[in-house]
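**Student:** Mind looking over this structure? Questions follow.
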Amino acid sequence: MSKEIILVPDLGGAETVDVIELGLSPGDVIAVEDALLVLESDKATMDVPSSHAGTLIKYLVAEGDTVKVGDPIAEIDLDLASLEAEPEELNEAKIADTSHEHEHENHDEVIKAEQMEDTLGRSENLEGPEIASSISSSDQTNNLSLTDLSDSDGVYAGPAVRMLARELGVSLKKITGRGPKSRILKDDVNDYVKSALNSSSAATGPSIPNMPDIDFSQFGAVEIVKMSKIQKITSSNMQRSWLNVPHVTQFDETDITDLDAFRKSLKSQAEARGVRITPVAFLLKAIGIALKDNPEFNRSLMNDGENFVQKNYCHIGLAVDAPKGLMVPVIRDVNDKGLWEIAEDVGRVAGLARDGKLKPSDMQGGCFTLSSLGAIGGNGFTPIVNSPELGILGVSNAKIQPVWDGAEFRPRLMLPLTLSYDHRLINGGSAGRFLTQINRLLSDIRLMSL
Ligand code: CAO
């Protein structure tokens, strides 16, 4: 067996460098120019290519060692040497220019070398000449690859790690490096992929069973009716929210006796203005204030699972029972508006919804939704969050009820409230505070002016 000891080449000025990656294993077949290992100076990494073809017997250094020019780094069995064309000057491998242009060229060369290594790896059972033709048909270069560790993407990783990430289709930006100076190591890439695979298989779970197709005509006369576009959109939005959002619903009841008296006292003014003022305007006003005071309700989860959006505006959706189906137009900047203006907006958007004249933009940008079934009836219902909003207030029919005031029962107009919220981002305490504030604002409307 003829052996060759590979030495640390000219380091382009650096006195000592660290060994940061040993890319191969003993027994690996290597071609001239294959990256043997990766060295790191203060500011850059460099691939050290093999000056000879053969089989790696062993490394003479370990990851973390500090080496200088001329130190032995690997021992190679040259038995395959006759199969490859060996450029003479490789023993004197030069460090490449650090300019970005060269960086990219060198990067490409490293990739080609690694691809060739891959080819060789997969051709273990081939006879010698076939290996030789793989080698000689490859592009060869005499330069060491010097790569700014942070590269243009700001990620701190060596070329071999970048190559691995590319092969696995992983963005290095998503990986936390556990190497020195937070450099991303091959193990970090592998661990990231493993955990992504585990979490995706955990998330897959059993699928939702399909509803059976039933021929209802066997039970009596039926007709098949096409769903309207709005019905189809509502159906898929509801299902999406119901399946994605872990819902919790909280119940409360608020005393709107004084609110209703005040509202009724505004009747002649309202007529003069051509506006109808119902509890809905007060509810929107109260929600706006509660959203301002409880900003955690004015957020949306981002799909990356890492961040949420905090909204610094306050637009509220209003569910409208329109002839063509449920529509949710959005009333903008509620906190900048007084009760008259809000009441005007309610009349306007409800009219547009019922006439089927809402534009898509009229239904976008909501931070929270109000669904009032008060005029229709019912003691309570659990509304579905209009995701990606985090909360929805359901309002049912106000009724006179006996309320104990500490001395006697008094007839009070009580309004049932239900708050459904996305438990991924809202906890019960926040929801309790939010709903309690709405309750207080409605039961004592003087608080709305503070
Ligand atoms: N309890 C008792 N009466 C109520 C009430 C309540 N909670 N809310 C409103 N009312 C009264 C109003 O004051 C009005 O009476 P007056 O004319 O005597 O004042 C009457 O009921 C009719 O109100 P309205 O329905 O015309 O107007 P509104 O402002 O209350 O509601 C709107 C507007 C658009 C919210 C409503 O018409 C609507 O479409 N609601 C349905 C929402 C819906 O479908 N939600 C379910 C969606 S799925 O979650």
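The values are calculated or read from the model by the stated rules, or taken from the named source; none is laboratory data. These figures come from a predicted structure and were not determined experimentally. Positions of Cβ are backbone-derived with ideal geometry, glycine not excepted, and every protein chain shown enters the neighbour counts.
**Student:** For Leu352, state whether it is within 13 Å of the ligand (Cβ to nearest atom) and buried (at least 19 other Cβ atoms within 10 Å of the Cβ).
**Tutor:** On the way: within 13 Å of the ligand (Cβ to nearest atom): yes; buried (at least 19 other Cβ atoms within 10 Å of the Cβ): no.
Judged against the criteria, Leu352 is not a match.
**Student:** Which numbered condition in (1) within 17 Å of Lys285 (Cβ to Cβ); (2) among the charged types (D, E, K, R); (3) without any contact (Cβ under 8 Å) to a residue 12 or more places away in the chain is the only one that Glu344 fails?
**Tutor:** Evaluating Glu344 over (1) within 17 Å of Lys285 (Cβ to Cβ); (2) among the charged types (D, E, K, R); (3) without any contact (Cβ under 8 Å) to a residue 12 or more places away in the chain leaves (3) as the failure.
**Student:** Still on this structure, please answer the following. Counting only residues that are crowded, with 21+ Cβ neighbours inside 10 Å and either on the phi > 0 side of the Ramachandran plot or away from the ligand (no atom under 11 Å from the Cβ) (or both), how many does the range 378-410 have?
**Tutor:** Within the range 378-410, residues that are crowded, with 21+ Cβ neighbours inside 10 Å and either on the phi > 0 side of the Ramachandran plot or away from the ligand (no atom under 11 Å from the Cβ) (or both) number 3.
**Student:** Go through the range 231-280 and give me each residue that's among the hydrophobic types (A, V, I, L, M, F, W, C) and closer than 20 Å to Gln437 by Cβ.
**Tutor:** Applying the first criterion (among the hydrophobic types (A, V, I, L, M, F, W, C)) to the range 231-280 yields 233, 238, 242-243, 245, 248, 251, 256, 259, 261-262, 266, 270, 272, 275, 277, 280.
Scanning the range 231-280 gives Val248, Phe251, Ile256, Leu259, Phe262, Val280.
**Student:** Taking the range 161-200, which residues are closer than 17 Å to Leu37 by Cβ and in a helix (DSSP H, G or I)?
**Tutor:** Residues satisfying the conditions are Val161, Arg162, Met163, Leu164, Pro180, Lys186, Asp187.
**Student:** Out of the strands (runs of 3 or more DSSP E) lying entirely within the range 1-66, which hold 1 or more residues that are among the acidic types (Asp, Glu), at pLDDT 85 or above and more than 42 Å from the chain's Cα centre (by Cα)?
**Tutor:** Working: elements: 3-7, 16-22, 35-40, 44-49, 54-59.
Qualifying strands (runs of 3 or more DSSP E): 3-7.
**Student:** Assigned to a strand (DSSP E or B), within 14 Å of the ligand (Cβ to nearest atom) and over 25 Å from His247 (Cα atoms): does that describe Leu413?
**Tutor:** Values: assigned to a strand (DSSP E or B): yes; within 14 Å of the ligand (Cβ to nearest atom): yes; over 25 Å from His247 (Cα atoms): yes.
Yes; evaluated as a whole, the condition is true for this residue.
**Student:** Under 8 Å by Cβ, and 6 or more places apart or on different chains, what pairs join a residue from the range 204-225 that is outside the structural domain of Asn244 (by TED's automatic domain parsing) with one that is assigned to a loop (DSSP other than H, G, I, E, B)?
**Tutor:** Going by the 8 Å Cβ cut-off, the qualifying pairs are Phe216/Val222.
**Student:** For the range 250-265, give me each residue that is buried (at least 20 other Cβ atoms within 10 Å of the Cβ) and near the ligand (Cβ under 10 Å from one of its atoms).
**Tutor:** Once the filter is applied, which keeps residues that are buried (at least 20 other Cβ atoms within 10 Å of the Cβ) and near the ligand (Cβ under 10 Å from one of its atoms), the range 250-265 yields only Ile256.
**Student:** Hey, does the range 252-259 have a residue that's modelled with pLDDT of 95 or more and over 26 Å from Ile400 (Cα atoms)?
**Tutor:** Let us first name the residues in the range 252-259 that are modelled with pLDDT of 95 or more, namely 252-259.
Adding the requirement that they be over 26 Å from Ile400 (Cα atoms) leaves none.
The answer is no; no qualifying residue exists.
**Student:** Taking the range 302-328 on its own, how many of its residues are away from the ligand (no atom under 16 Å from the Cβ) and part of a strand (DSSP E or B)?
**Tutor:** Going through the range 302-328 one residue at a time, the tally reaches 3.
**Student:** So, one more: Please go through the range 355-377 and give me each residue that is within 9 Å of the ligand (Cβ to nearest atom) and either surrounded by fewer than 12 Cβ atoms within 10 Å (Cβ to Cβ) or more than 24 Å from Ala290 (Cβ to Cβ) (or both), ordered by number.
**Tutor:** Kept after step one, since they are within 9 Å of the ligand (Cβ to nearest atom), are these residues of the range 355-377: 369-377.
Ile376, Gly377, listed by residue number.
**Student:** Further question on the same structure: How do the pairs read when you match residues in the range 391-420 that are in contact (Cβ under 8 Å) with a residue 24 or more places away in the chain with residues anywhere that are aromatic (Phe, Trp, Tyr) and within 10 Å of the ligand (Cβ to nearest atom), using Cβ under 7 Å and keeping only pairs 6 or more apart or on different chains?
**Tutor:** Gly394/Phe381; Thr418/Phe381
**Student:** Out of all the residues in the range 266-294, which are more than 11 Å from the ligand (Cβ to nearest atom) and within 22 Å of Val403 (Cβ to Cβ)?
**Tutor:** Listed by number, the list holds a single entry, Ala286.
Quick grid of which residues meet (1) without any contact (Cβ under 8 Å) to a residue 24 or more places away in the chain; (2) surrounded by fewer than 13 Cβ atoms within 10 Å (Cβ to Cβ); (3) touching a strand residue (DSSP E or B) at 6+ places or on another chain (Cβ under 7 Å):
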residue: Ala165; (1), (2), (3): no, no, no
residue: Leu168; (1), (2), (3): no, yes, no
residue: Ser182; (1), (2), (3): no, yes, no
residue: Asp187; (1), (2), (3): yes, yes, no
residue: Ser195; (1), (2), (3): yes, yes, no
residue: Gln231; (1), (2), (3): no, no, yes
residue: His247; (1), (2), (3): no, no, yes
